């Protein structure tokens, strides 16, 4: 992270390095945190707030600023990324409550990290508490009459949060993306993300040995039956594609995806530079040819496909689409958790949202069961 003069922010850089090297977070997570932290540091510099010791009221002002100020990438115009936009504001919410909550949580974690390093007062950091599901509340007095304990005043950052279903694509939209692909490899990338629910970094980090596309892989030392792939976290990937979870998991594959894989492998293995690579996805037309495909290349692919099909599509939307369809078919969040590699089943609950057709069918079934009672 750098300032306007391209000087690195030493403390922010140390915080991000600890996330990856100390806590085992993925580079993608660190990149997300960096963007959130950049917003916070930009705001503190402009508002004259001490970045390492903000008050609850100041964080509330930061949240209001986030709600009113759109990000540069969502502003109109050809030079939107260069627009300083210090005074840009909007009457409609510029960011969703979930986005604002995530940025606030990152800011508070950074302040607490600073206190742990002795850069600021620990008491100031300890007074901050973020609860994403509630709202900003004024000072509250605990009830101490029954216990006889002294009354303590606590100030916390809290926000209301309305849970929304993740952004997904319909089968027709996924089909349009596939049809817009210029080659078999790109088509395989789109369909693999949609058919497995993998994160884009997990897909780019796959090695050839991770795919078991035979009815039985016992001869390979694997007891899992049927076509499947293994998701493993590797720190030494040449494209720096790091799986988010440290725990390996197995994902079953459909026959259609296996057939598409075979077509892609024929295209891939025809390139002499790719034959010696152990990575599944490699550069076939762009230098260095034969090297592992990067996460950035896949994201660029979806930008091009979005321009072709006329709607916004991102790799992670296919993961959401896969999870939502599995949740609809199985009604089992535990199954979704295992397929997606979530650490907790609560992370999969967001995909268990009700659809209008389901609610209509449930009410109609109830009416038939009631026998037309008046």
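The values are calculated or read from the model by the stated rules, or taken from the named source; none is laboratory data. Note that the structure is predicted; figures quoted are calculated from it, not measured. Note that we place each Cβ from the backbone using ideal geometry, even for glycine, and neighbour counts take in every protein chain shown.
Select from the stretch 338-354 the residues that are surrounded by 13 or more Cβ atoms within 10 Å (Cβ to Cβ) and more than 15 Å from the chain's Cα centre (by Cα) and write down the one among them that is nearest to residue 254 (Cα to Cα). For the stretch 338-354, the residue satisfying everything is 339. I need the full set of residues from the stretch 197-222 which are over 17 Å from residue 264 (Cα atoms) and either assigned to a helix (DSSP H, G or I) or touching a residue at least 24 places away in the same chain (Cβ under 8 Å) (or both), in order please. Answer for the stretch 197-222, where residues must be over 17 Å from residue 264 (Cα atoms) and either assigned to a helix (DSSP H, G or I) or touching a residue at least 24 places away in the same chain (Cβ under 8 Å) (or both): 197, 198, 199, 200, 201, 202, 218, 219, 220.
If you go through the stretch 307-356 and keep only what is free of Cβ contacts under 8 Å to residues at least 24 places away in the same chain, in contact with a helix residue (DSSP H, G or I) (Cβ under 9 Å, 6 or more places away or on another chain), assigned to a helix (DSSP H, G or I) and farther than 20 Å from residue 177 by Cα, you end up with 330, 333, 334, 335, 336, 337, 345, 346, 347, 349. Check 246, 201 and return the single one that is modelled with pLDDT of 90 or more, within 22 Å of residue 32 (Cα to Cα) and within 26 Å of the chain's Cα centre (by Cα). Exactly one residue qualifies, and that residue is 201.
Test residue 255 against the criterion of being in contact with a helix residue (DSSP H, G or I) (Cβ under 9 Å, 6 or more places away or on another chain) and either over 30 Å from residue 32 (Cα atoms) or in contact (Cβ under 8 Å) with a residue 24 or more places away in the chain (or both), and give yes or no. Here the answer is no, as residue 255 does not meet what is asked.
Residue-wise test of (1) surrounded by fewer than 17 Cβ atoms within 10 Å (Cβ to Cβ); (2) out of contact with any helix residue (DSSP H, G or I) (no Cβ under 6 Å at 6 or more places or on another chain); (3) touching a residue at least 24 places away in the same chain (Cβ under 8 Å); (4) not in a loop (DSSP other than H, G, I, E, B).
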position	(1), (2), (3), (4)
244	no, yes, yes, no
260	no, no, yes, yes
263	yes, no, yes, yes
305	no, no, yes, yes
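The C-beta contact set for the stretch 13-29 (first residue under 12 Å from residue 244 (Cβ atoms) and not assigned by TED's automatic domain parsing to the domain that holds residue 106, second residue surrounded by 14 or more Cβ atoms within 10 Å (Cβ to Cβ) and modelled with pLDDT of 80 or more, distance under 7 angstrom, 6+ apart or interchain) is empty.
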